[in-house]
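Report on one structure; see the data block that follows.
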Amino acid sequence: MTPAQRIVLAVIDAVNAGNLRRIHGLVAADMVDHGAVLGGPACDRGVHYEVHDVFSSGDRVAVRATARGIHSGDHLGFPATGRRFAVPTMHICRVEDGRLAEHWAIRDDLSLLRQVGAIVDLAKH
C-alpha cells in the first residue's frame with residue numbers, strides 16, 4: 001500500500017467512525033472538494049463507506065466504494081425520510097504533504113433518491 005493510499009483510507013475510516021478530529025488532521029486546511037462531499041449531505045455523519053477497490057498513481061488515489069446510511073438530512077431539496085440507502089460511489093483524491101489536498105467524487109444520487117422514497121421509480125409503475 002502506498003503512503004497516499006494510507007492517507008485516503010485513513011480519511012474514509014475516520015468518516016466511517018464519525019471522528020471529525022481525525023478527519024481534520026488528515027485533510028489539508030485548503031483542501032478543494034470538486035464533487036460529492038465525503039459523507040454527503042443526505043445522511044449527516046451517519047454514512048459508512050464499504051471500500052471495494054483502491055488504485056493509485058503518484059499522488060492520486062482512486063476508490064470505488066458503496067456508501068450506506070440512513071437518509072437523516074435534507075438532500076437535493078428533499079427532507080429526511082429515515083430510510084436506508086446503499087449507493088455506488090467513485091472518489092479520486094490527490095494527496096500532498098501527507099494530507100488530502102483535493103477530492104473529486106461521483107455518487108448515484110438518482111438511485112439514492114429512489115431508495116429513500118424522495119422520488120418515484122417510474123420503471124416500477
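Any read-out appearing in this document is the output of simple, stated calculations on the displayed coordinates, not a laboratory observation. Predicted model only: the values in this text are computed from it and were never measured. Positions of Cβ are generated from backbone atoms using ideal geometry, with glycine treated the same way; all protein chains shown enter the neighbour counts.
Here are a few things to note about the model shown:
- Annotation: amide H of Ser56 within the under-5 Å range of Ala62, sequence separation 5 or more or interchain, hydrogens built in the peptide plane.
- Fluctuation leader among Thr81, Thr66, Thr89 - the chain, Gaussian network, Cα springs under 10 angstrom: Thr81
- Relative contact order of the chain, pairs being alpha-carbon contacts under 8 Å that are 6 or more residues apart, as %: 25
- With the helix formula -39500 (n - 2.57) applied to DSSP H stretches of n ≥ 4, the chain reaches a computed 222 nm mean residue ellipticity of -6500 deg cm²/dmol.
- Signed unit charges on C-beta, dipole axis of the chain, positive-most listed residue His24, Ala14, His48: His48
- Labels on offer are (i) 35; (ii) 46; (iii) 31, and the one holding percent of Cα pairs over 22 Å apart computed from this structure is (i).
- Using the Cβ-Cβ distance between Ser57 and Asp13 with R0 set to 25 Å, the FRET efficiency from 1/(1 + (r/R0)^6) comes to roughly 0.70.
- Difference of contour (0.36 nm per residue) and Cα-Cα distance, Asp33 to Asp109: 25.6 nm
- Against the chain, whose longest principal axis comes from its Cα atoms, helix 3-17 is set at around 40 degrees.
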